[in-house]
Amino acid sequence: MTEGNFVDYVKVNLASGNGGKGSVHLHREKYITKGGPDGGDGGRGGHVIVKGNKNLWTLVHYKFKKHFKAGHGEHGSKNRSTGADGADVYLEVPLGTVIRDTETNEVIFEITEDQEEKIVLAGGKGGRGNWHFKSPTNQTPRYAQPGIPGEELQVTLELKVLADVGLVGFPNAGKSTLLSVMTSAKPKIADYEFTTLKPNLGIVEYRDFRSFVMADIPGIIEGAAEGKGLGHYSLRHIERNATLLFLIPADSNDISKEYEILLDELRRYNPELLDKERLVAISKSDMLDEELQAEMKVELDKDLENVPYLFISSVAQQGIQELKDQLWELLNE
Ligand SMILES: Nc1nc2c(ncn2[C@@H]2O[C@H](COP(=O)(O)OP(=O)(O)OP(=O)(O)O)[C@@H](O)[C@H]2O)c(=O)[nH]1
Ligand SMILES: [Mg+2]
(Lines give C-alpha, C1' and ligand atoms only; values in the text may rest on other atoms or scores of the structure.)
(Ligands and ions follow the chains in the order given, each with its own letter.)
Protein backbone atom coordinates (compact mmCIF):
# COMPACT_ATOMS: atom_id res chain seq x y z
CA MET A 1 0.00 0.00 0.00
CA THR A 2 1.35 3.39 -0.88
CA GLU A 3 0.29 6.97 -0.59
CA GLY A 4 0.65 9.90 -2.93
CA ASN A 5 0.49 9.69 -6.70
CA PHE A 6 0.75 5.98 -6.75
CA VAL A 7 -2.64 5.17 -5.30
CA ASP A 8 -3.46 1.49 -5.24
CA TYR A 9 -5.74 1.38 -2.23
CA VAL A 10 -8.73 3.56 -1.51
CA LYS A 11 -11.96 3.51 0.50
CA VAL A 12 -15.16 4.82 -1.03
CA ASN A 13 -18.69 5.24 0.28
CA LEU A 14 -21.54 3.96 -1.82
CA ALA A 15 -25.29 4.40 -1.70
CA SER A 16 -27.78 2.74 -4.00
CA GLY A 17 -31.11 4.41 -4.80
CA ASN A 18 -34.45 3.85 -3.09
CA GLY A 19 -37.16 2.06 -5.02
CA GLY A 20 -40.09 4.31 -5.94
CA LYS A 21 -43.47 3.86 -4.20
CA GLY A 22 -46.27 1.97 -5.88
CA SER A 23 -49.22 4.21 -6.62
CA VAL A 24 -52.71 4.02 -5.09
CA HIS A 25 -55.03 5.30 -7.75
CA LEU A 26 -58.56 4.57 -8.93
CA HIS A 27 -59.37 4.99 -12.55
CA ARG A 28 -61.65 7.94 -13.32
CA GLU A 29 -63.25 8.74 -16.60
CA LYS A 30 -66.34 10.55 -17.75
CA TYR A 31 -69.43 8.30 -17.58
CA ILE A 32 -67.51 5.56 -15.73
CA THR A 33 -68.33 5.93 -12.10
CA LYS A 34 -66.65 2.88 -10.67
CA GLY A 35 -63.23 2.68 -12.33
CA GLY A 36 -60.87 -0.01 -11.07
CA PRO A 37 -57.50 0.49 -9.40
CA ASP A 38 -54.81 1.61 -11.85
CA GLY A 39 -51.88 2.78 -9.68
CA GLY A 40 -48.56 1.90 -11.37
CA ASP A 41 -45.38 0.45 -9.90
CA GLY A 42 -42.50 2.44 -8.49
CA GLY A 43 -39.24 2.46 -10.48
CA ARG A 44 -36.17 0.58 -9.30
CA GLY A 45 -33.52 2.52 -7.35
CA GLY A 46 -30.21 3.07 -9.15
CA HIS A 47 -27.45 0.45 -8.79
CA VAL A 48 -23.85 1.17 -7.94
CA ILE A 49 -21.83 -0.62 -10.61
CA VAL A 50 -18.10 -1.20 -10.91
CA LYS A 51 -16.74 -1.28 -14.44
CA GLY A 52 -13.34 -2.32 -15.81
CA ASN A 53 -11.44 0.13 -17.98
CA LYS A 54 -8.21 -1.02 -19.61
CA ASN A 55 -6.97 2.55 -19.99
CA LEU A 56 -6.85 3.17 -16.25
CA TRP A 57 -3.74 2.24 -14.33
CA THR A 58 -4.22 3.60 -10.83
CA LEU A 59 -7.04 4.47 -8.46
CA VAL A 60 -5.79 8.04 -8.19
CA HIS A 61 -9.13 9.42 -9.45
CA TYR A 62 -10.75 8.22 -6.19
CA LYS A 63 -8.36 10.16 -4.04
CA PHE A 64 -10.64 13.18 -3.78
CA LYS A 65 -14.04 11.87 -4.85
CA LYS A 66 -15.10 9.26 -2.34
CA HIS A 67 -18.90 9.39 -2.27
CA PHE A 68 -21.07 7.78 -4.91
CA LYS A 69 -24.85 7.90 -4.80
CA ALA A 70 -27.20 6.34 -7.30
CA GLY A 71 -30.54 8.00 -8.13
CA HIS A 72 -33.88 7.08 -6.55
CA GLY A 73 -36.63 5.36 -8.49
CA GLU A 74 -39.66 7.47 -9.28
CA HIS A 75 -43.05 6.69 -7.83
CA GLY A 76 -45.68 4.92 -9.87
CA SER A 77 -48.68 6.87 -11.11
CA LYS A 78 -52.15 6.49 -12.59
CA ASN A 79 -52.94 4.51 -15.74
CA ARG A 80 -50.62 1.74 -14.48
CA SER A 81 -47.68 3.87 -15.37
CA THR A 82 -44.41 2.68 -13.89
CA GLY A 83 -42.03 5.23 -12.37
CA ALA A 84 -38.65 5.67 -14.05
CA ASP A 85 -35.70 3.72 -12.63
CA GLY A 86 -33.12 5.70 -10.66
CA ALA A 87 -29.89 6.51 -12.48
CA ASP A 88 -27.14 3.93 -11.99
CA VAL A 89 -23.73 5.19 -10.94
CA TYR A 90 -20.54 3.71 -12.37
CA LEU A 91 -17.12 3.45 -10.76
CA GLU A 92 -14.49 2.85 -13.40
CA VAL A 93 -11.46 0.93 -12.24
CA PRO A 94 -8.25 -0.51 -13.70
CA LEU A 95 -8.17 -4.22 -14.50
CA GLY A 96 -6.97 -6.21 -11.50
CA THR A 97 -8.96 -4.20 -8.96
CA VAL A 98 -10.28 -6.13 -5.99
CA ILE A 99 -13.39 -4.79 -4.24
CA ARG A 100 -13.84 -5.57 -0.55
CA ASP A 101 -16.38 -4.79 2.10
CA THR A 102 -14.32 -2.47 4.33
CA GLU A 103 -15.97 -3.61 7.53
CA THR A 104 -15.58 -7.37 7.09
CA ASN A 105 -12.64 -7.21 4.67
CA GLU A 106 -14.39 -9.84 2.59
CA VAL A 107 -13.78 -9.82 -1.14
CA ILE A 108 -17.00 -8.94 -2.96
CA PHE A 109 -15.51 -9.45 -6.43
CA GLU A 110 -12.63 -8.63 -8.69
CA ILE A 111 -12.63 -6.83 -12.00
CA THR A 112 -10.31 -8.40 -14.56
CA GLU A 113 -11.70 -7.46 -17.96
CA ASP A 114 -12.20 -4.34 -19.97
CA GLN A 115 -15.83 -3.14 -19.91
CA GLU A 116 -16.76 -5.84 -17.41
CA GLU A 117 -19.60 -4.60 -15.18
CA LYS A 118 -20.62 -5.89 -11.77
CA ILE A 119 -23.25 -4.55 -9.42
CA VAL A 120 -21.69 -3.88 -6.04
CA LEU A 121 -24.80 -2.43 -4.45
CA ALA A 122 -28.24 -3.01 -5.95
CA GLY A 123 -30.91 -0.33 -5.97
CA GLY A 124 -34.11 -0.98 -3.98
CA LYS A 125 -36.99 -2.58 -5.84
CA GLY A 126 -39.91 -0.37 -6.74
CA GLY A 127 -43.19 -1.03 -4.90
CA ARG A 128 -46.12 -2.54 -6.75
CA GLY A 129 -49.06 -0.30 -7.57
CA ASN A 130 -52.53 -0.96 -6.22
CA TRP A 131 -53.92 -2.59 -9.36
CA HIS A 132 -51.89 -5.72 -8.50
CA PHE A 133 -53.88 -6.10 -5.28
CA LYS A 134 -57.33 -6.21 -6.80
CA SER A 135 -59.20 -9.35 -5.73
CA PRO A 136 -62.76 -10.67 -5.80
CA THR A 137 -63.25 -9.44 -2.26
CA ASN A 138 -61.48 -6.14 -2.73
CA GLN A 139 -62.20 -4.46 -6.06
CA THR A 140 -60.73 -1.14 -5.03
CA PRO A 141 -57.63 -1.77 -2.94
CA ARG A 142 -56.39 1.38 -1.27
CA TYR A 143 -53.04 -0.25 -0.75
CA ALA A 144 -49.76 -0.25 -2.73
CA GLN A 145 -46.26 -1.37 -1.75
CA PRO A 146 -43.70 1.14 -0.66
CA GLY A 147 -40.37 0.97 -2.52
CA ILE A 148 -37.48 -0.91 -0.91
CA PRO A 149 -34.91 1.56 0.42
CA GLY A 150 -31.43 1.65 -1.11
CA GLU A 151 -28.40 0.55 0.87
CA GLU A 152 -25.14 2.07 1.97
CA LEU A 153 -21.77 0.39 2.03
CA GLN A 154 -18.17 1.37 2.36
CA VAL A 155 -15.88 -0.60 0.08
CA THR A 156 -12.14 -0.75 -0.34
CA LEU A 157 -10.76 -0.75 -3.85
CA GLU A 158 -7.35 -2.28 -4.14
CA LEU A 159 -5.16 -2.74 -7.15
CA LYS A 160 -3.47 -6.10 -7.05
CA VAL A 161 0.26 -6.14 -7.44
CA LEU A 162 1.59 -7.66 -10.60
CA ALA A 163 4.43 -9.58 -9.00
CA ASP A 164 6.88 -9.77 -6.13
CA VAL A 165 9.82 -8.98 -8.37
CA GLY A 166 9.73 -6.84 -11.50
CA LEU A 167 12.53 -6.89 -14.08
CA VAL A 168 13.74 -3.44 -15.07
CA GLY A 169 16.17 -2.89 -17.90
CA PHE A 170 16.87 -1.62 -21.38
CA PRO A 171 15.57 -3.68 -24.28
CA ASN A 172 17.82 -6.65 -24.99
CA ALA A 173 19.18 -6.76 -21.42
CA GLY A 174 18.19 -10.41 -21.13
CA LYS A 175 15.06 -10.00 -19.00
CA SER A 176 12.95 -12.58 -20.80
CA THR A 177 15.83 -15.02 -20.90
CA LEU A 178 16.25 -14.70 -17.15
CA LEU A 179 12.52 -15.31 -16.59
CA SER A 180 12.78 -18.42 -18.77
CA VAL A 181 15.59 -19.91 -16.70
CA MET A 182 14.19 -18.96 -13.29
CA THR A 183 10.61 -20.05 -13.97
CA SER A 184 8.72 -22.36 -16.28
CA ALA A 185 7.43 -19.39 -18.29
CA LYS A 186 8.31 -19.43 -21.98
CA PRO A 187 8.53 -15.79 -23.06
CA LYS A 188 9.67 -14.83 -26.53
CA ILE A 189 13.41 -14.17 -26.68
CA ALA A 190 15.28 -12.47 -29.51
CA ASP A 191 18.34 -10.35 -30.15
CA TYR A 192 16.37 -7.28 -31.11
CA GLU A 193 14.81 -4.54 -28.99
CA PHE A 194 11.25 -4.58 -27.70
CA THR A 195 10.75 -8.27 -28.19
CA THR A 196 8.58 -8.20 -25.09
CA LEU A 197 5.49 -6.04 -25.54
CA LYS A 198 3.45 -7.20 -22.57
CA PRO A 199 4.51 -8.33 -19.12
CA ASN A 200 5.08 -12.05 -18.68
CA LEU A 201 4.70 -13.63 -15.29
CA GLY A 202 6.46 -16.66 -13.90
CA ILE A 203 6.65 -18.45 -10.58
CA VAL A 204 10.11 -18.86 -9.12
CA GLU A 205 10.35 -22.05 -7.07
CA TYR A 206 12.47 -21.43 -4.04
CA ARG A 207 13.99 -23.87 -1.56
CA ASP A 208 11.53 -26.13 0.29
CA PHE A 209 8.40 -25.50 -1.72
CA ARG A 210 8.38 -21.79 -1.31
CA SER A 211 7.91 -19.49 -4.26
CA PHE A 212 7.55 -15.95 -5.49
CA VAL A 213 6.28 -14.32 -8.66
CA MET A 214 8.55 -12.58 -11.12
CA ALA A 215 7.40 -10.27 -13.92
CA ASP A 216 9.27 -9.71 -17.16
CA ILE A 217 8.38 -6.17 -18.19
CA PRO A 218 8.93 -4.56 -21.60
CA GLY A 219 12.23 -2.70 -21.72
CA ILE A 220 12.55 1.00 -20.99
CA ILE A 221 14.87 3.45 -22.71
CA GLU A 222 16.16 6.92 -21.99
CA GLY A 223 13.17 9.26 -22.39
CA ALA A 224 10.65 6.60 -21.31
CA ALA A 225 9.21 9.01 -18.74
CA GLU A 226 8.30 11.28 -21.68
CA GLY A 227 6.77 8.34 -23.50
CA LYS A 228 9.71 7.17 -25.65
CA GLY A 229 9.76 3.53 -26.65
CA LEU A 230 6.98 1.79 -24.77
CA GLY A 231 7.37 4.62 -22.24
CA HIS A 232 4.60 4.84 -19.71
CA TYR A 233 3.28 1.44 -20.60
CA SER A 234 6.42 -0.19 -19.17
CA LEU A 235 6.75 2.26 -16.32
CA ARG A 236 3.29 1.68 -14.97
CA HIS A 237 3.87 -2.03 -14.87
CA ILE A 238 7.01 -1.37 -12.88
CA GLU A 239 4.85 0.43 -10.31
CA ARG A 240 3.04 -2.74 -9.46
CA ASN A 241 5.92 -4.85 -8.18
CA ALA A 242 7.07 -5.18 -4.62
CA THR A 243 10.79 -5.22 -5.48
CA LEU A 244 12.75 -4.31 -8.58
CA LEU A 245 15.52 -6.27 -10.18
CA PHE A 246 17.56 -4.06 -12.50
CA LEU A 247 19.18 -5.97 -15.31
CA ILE A 248 22.21 -4.45 -17.05
CA PRO A 249 24.15 -6.51 -19.58
CA ALA A 250 27.85 -7.08 -19.02
CA ASP A 251 28.60 -5.79 -22.53
CA SER A 252 27.01 -2.40 -21.81
CA ASN A 253 29.31 0.50 -22.70
CA ASP A 254 28.93 1.91 -19.23
CA ILE A 255 27.09 -0.12 -16.61
CA SER A 256 26.96 2.65 -14.00
CA LYS A 257 25.62 5.14 -16.52
CA GLU A 258 22.97 2.70 -17.70
CA TYR A 259 21.92 2.17 -14.12
CA GLU A 260 21.68 5.93 -13.58
CA ILE A 261 19.55 6.36 -16.71
CA LEU A 262 17.15 3.64 -15.58
CA LEU A 263 16.93 5.14 -12.13
CA ASP A 264 16.37 8.59 -13.54
CA GLU A 265 13.51 7.44 -15.78
CA LEU A 266 11.83 5.83 -12.79
CA ARG A 267 12.36 8.94 -10.69
CA ARG A 268 10.92 11.25 -13.32
CA TYR A 269 7.91 9.04 -13.83
CA ASN A 270 7.18 8.64 -10.14
CA PRO A 271 9.74 9.37 -7.41
CA GLU A 272 8.05 6.83 -5.14
CA LEU A 273 9.36 4.06 -7.35
CA LEU A 274 12.74 4.67 -5.79
CA ASP A 275 11.34 3.70 -2.39
CA LYS A 276 11.03 0.13 -3.58
CA GLU A 277 13.75 -2.34 -2.65
CA ARG A 278 16.10 -2.92 -5.55
CA LEU A 279 18.89 -5.18 -6.62
CA VAL A 280 21.17 -4.92 -9.65
CA ALA A 281 22.14 -7.97 -11.70
CA ILE A 282 24.85 -7.71 -14.35
CA SER A 283 23.47 -10.10 -16.97
CA LYS A 284 25.29 -12.02 -19.71
CA SER A 285 28.34 -12.32 -17.43
CA ASP A 286 29.45 -15.39 -19.35
CA MET A 287 31.01 -12.80 -21.67
CA LEU A 288 33.43 -11.70 -18.93
CA ASP A 289 36.54 -13.45 -17.72
CA GLU A 290 37.50 -13.32 -14.06
CA GLU A 291 40.00 -10.55 -14.52
CA LEU A 292 37.49 -8.30 -16.22
CA GLN A 293 34.90 -9.07 -13.58
CA ALA A 294 37.33 -8.08 -10.83
CA GLU A 295 38.03 -4.77 -12.55
CA MET A 296 34.35 -4.08 -12.94
CA LYS A 297 33.71 -4.82 -9.30
CA VAL A 298 36.06 -2.03 -8.25
CA GLU A 299 34.13 0.43 -10.39
CA LEU A 300 30.70 -0.84 -9.36
CA ASP A 301 31.46 -0.76 -5.64
CA LYS A 302 32.20 2.91 -6.10
CA ASP A 303 29.40 3.86 -8.50
CA LEU A 304 26.44 1.86 -7.29
CA GLU A 305 26.92 3.12 -3.74
CA ASN A 306 24.94 0.94 -1.39
CA VAL A 307 22.80 -0.90 -3.87
CA PRO A 308 23.52 -4.63 -3.82
CA TYR A 309 24.61 -6.14 -7.15
CA LEU A 310 25.75 -9.47 -8.52
CA PHE A 311 26.97 -11.06 -11.76
CA ILE A 312 24.71 -13.57 -13.44
CA SER A 313 24.40 -15.48 -16.66
CA SER A 314 21.18 -17.07 -17.77
CA VAL A 315 22.89 -18.93 -20.59
CA ALA A 316 25.65 -20.38 -18.41
CA GLN A 317 23.35 -20.64 -15.36
CA GLN A 318 25.79 -18.70 -13.23
CA GLY A 319 24.74 -16.78 -10.14
CA ILE A 320 21.12 -17.82 -10.49
CA GLN A 321 20.80 -19.53 -7.11
CA GLU A 322 22.57 -16.62 -5.43
CA LEU A 323 20.16 -14.26 -7.17
CA LYS A 324 17.18 -16.24 -5.87
CA ASP A 325 18.62 -16.12 -2.36
CA GLN A 326 19.10 -12.37 -2.47
CA LEU A 327 15.64 -11.75 -3.88
CA TRP A 328 14.08 -13.99 -1.27
CA GLU A 329 15.89 -12.06 1.42
CA LEU A 330 14.72 -8.71 0.04
CA LEU A 331 11.14 -9.94 -0.16
CA ASN A 332 11.14 -11.20 3.38
CA GLU A 333 12.95 -8.39 5.09
N1 LIG B 1 25.64 -14.38 -23.78
C2 LIG B 1 24.44 -14.25 -23.24
N3 LIG B 1 23.39 -13.79 -23.97
C4 LIG B 1 22.22 -13.66 -23.38
C5 LIG B 1 22.01 -13.98 -22.00
N6 LIG B 1 20.73 -13.73 -21.68
C7 LIG B 1 20.14 -13.25 -22.82
N8 LIG B 1 21.02 -13.21 -23.83
C9 LIG B 1 20.73 -12.79 -25.23
O10 LIG B 1 20.36 -11.42 -25.27
C11 LIG B 1 19.35 -11.19 -26.25
C12 LIG B 1 18.15 -10.50 -25.66
O13 LIG B 1 17.52 -11.35 -24.72
P14 LIG B 1 16.03 -11.13 -24.21
O15 LIG B 1 15.85 -12.04 -23.03
O16 LIG B 1 15.06 -11.25 -25.33
O17 LIG B 1 16.11 -9.62 -23.74
P18 LIG B 1 14.95 -8.68 -23.12
O19 LIG B 1 15.58 -7.87 -22.07
O20 LIG B 1 13.79 -9.50 -22.74
O21 LIG B 1 14.62 -7.75 -24.37
P22 LIG B 1 13.25 -6.93 -24.72
O23 LIG B 1 12.11 -7.90 -24.56
O24 LIG B 1 13.44 -6.50 -26.11
O25 LIG B 1 13.18 -5.80 -23.74
C26 LIG B 1 19.02 -12.56 -26.84
O27 LIG B 1 19.72 -12.72 -28.06
C28 LIG B 1 19.52 -13.53 -25.79
O29 LIG B 1 19.90 -14.77 -26.34
C30 LIG B 1 23.13 -14.50 -21.25
O31 LIG B 1 23.07 -14.83 -20.06
N32 LIG B 1 24.31 -14.58 -21.93
MG1 LIG C 1 11.95 -9.51 -23.44
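One residue stands out among those in the stretch 23-59 that are touching a Phe, Trp or Tyr at 6+ places or on another chain (Cβ under 8 Å) and closer than 30 Å to Asp114 by Cβ: the one that is surrounded by the fewest Cβ atoms within 10 Å (Cβ to Cβ), which is Lys51. Residues considered: Asp191, Asp216. Of these, the only one that is in the same structural domain as Val298 (by TED's automatic domain parsing), touching a residue at least 24 places away in the same chain (Cβ under 8 Å), of a type outside the set (Phe, Trp, Tyr) and near ligand 1 (Cβ under 7 Å from one of its atoms) is Asp216. Report yes if Val213 is in a strand (DSSP E or B), away from ligand 2 (no atom under 16 Å from the Cβ) and within 26 Å of Val60 (Cα to Cα), otherwise no. Here the answer is yes, as Val213 does meet what is asked. Take the residues of the stretch 280-290 that are within 16 Å of ligand 2 (Cβ to nearest atom) and within 12 Å of Ser252 (Cα to Cα): which is surrounded by the most Cβ atoms within 10 Å (Cβ to Cβ)? Going through the qualifying residues, I end up with Ser283.
Just to verify a result, which residue in the stretch 75-115, among those that are in a loop (DSSP other than H, G, I, E, B) and acidic (Asp, Glu), is most open to solvent (accessible area, probe 1.4 Å)? This residue is Glu103.
Right, Gly174: in contact with a strand residue (DSSP E or B) (Cβ under 8 Å, 6 or more places away or on another chain), modelled with pLDDT of 90 or more and near ligand 1 (Cβ under 7 Å from one of its atoms) or not? In short, yes. Here Asn79 fulfils each of the conditions (1) at negative phi; (2) touching a residue at least 12 places away in the same chain (Cβ under 8 Å) apart from (1). Among the residues of the stretch 291-310, are any hydrophobic (A, V, I, L, M, F, W, C), under 30 Å from Arg210 (Cα atoms), more than 16 Å from ligand 2 (Cβ to nearest atom) and assigned to a loop (DSSP other than H, G, I, E, B)? The answer is yes, given that some residue of the stretch 291-310 is hydrophobic (A, V, I, L, M, F, W, C), under 30 Å from Arg210 (Cα atoms), more than 16 Å from ligand 2 (Cβ to nearest atom) and assigned to a loop (DSSP other than H, G, I, E, B). Scanning the stretch 149-175 for residues that are open to solvent by less than 10 Å² (accessible area, probe 1.4 Å) and over 30 Å from His61 (Cα atoms) yields a total of 1. Being of a type in the set (Phe, Trp, Tyr), surrounded by fewer than 18 Cβ atoms within 10 Å (Cβ to Cβ) and in a loop (DSSP other than H, G, I, E, B) is true of Phe64. Restricting Val155, Val204, Val161 to residues that are more than 10 Å from ligand 2 (Cβ to nearest atom) and more than 30 Å from Leu121 (Cα to Cα) narrows the list to Val204. Taking the criterion of being in contact (Cβ under 8 Å) with a residue 40 or more places away in the chain and more than 16 Å from ligand 1 (Cβ to nearest atom), the residues of the stretch 283-306 that qualify are Glu299, Leu300, Asp303, Leu304.
When Lys228 is tested against (1) within 16 Å of ligand 1 (Cβ to nearest atom); (2) touching a Lys or Arg at 6+ places or on another chain (Cβ under 6 Å); (3) open to solvent by 10 Å² or more (accessible area, probe 1.4 Å), just one condition goes unmet, and that condition is (2).
The values are calculated or read from the model by the stated rules, or taken from the named source; none is laboratory data. Since the model is a prediction, treat every value here as computed from it, not as a measurement. Note that we place each Cβ from the backbone using ideal geometry, even for glycine, and neighbour counts take in every protein chain shown. Ligands, DNA and RNA are stripped out before the accessible areas are found, and what is left, the full protein with its side chains, is counted by its heavy atoms. Shrake-Rupley method; radii C 1.70, N 1.55, O 1.52, S 1.80 Å.
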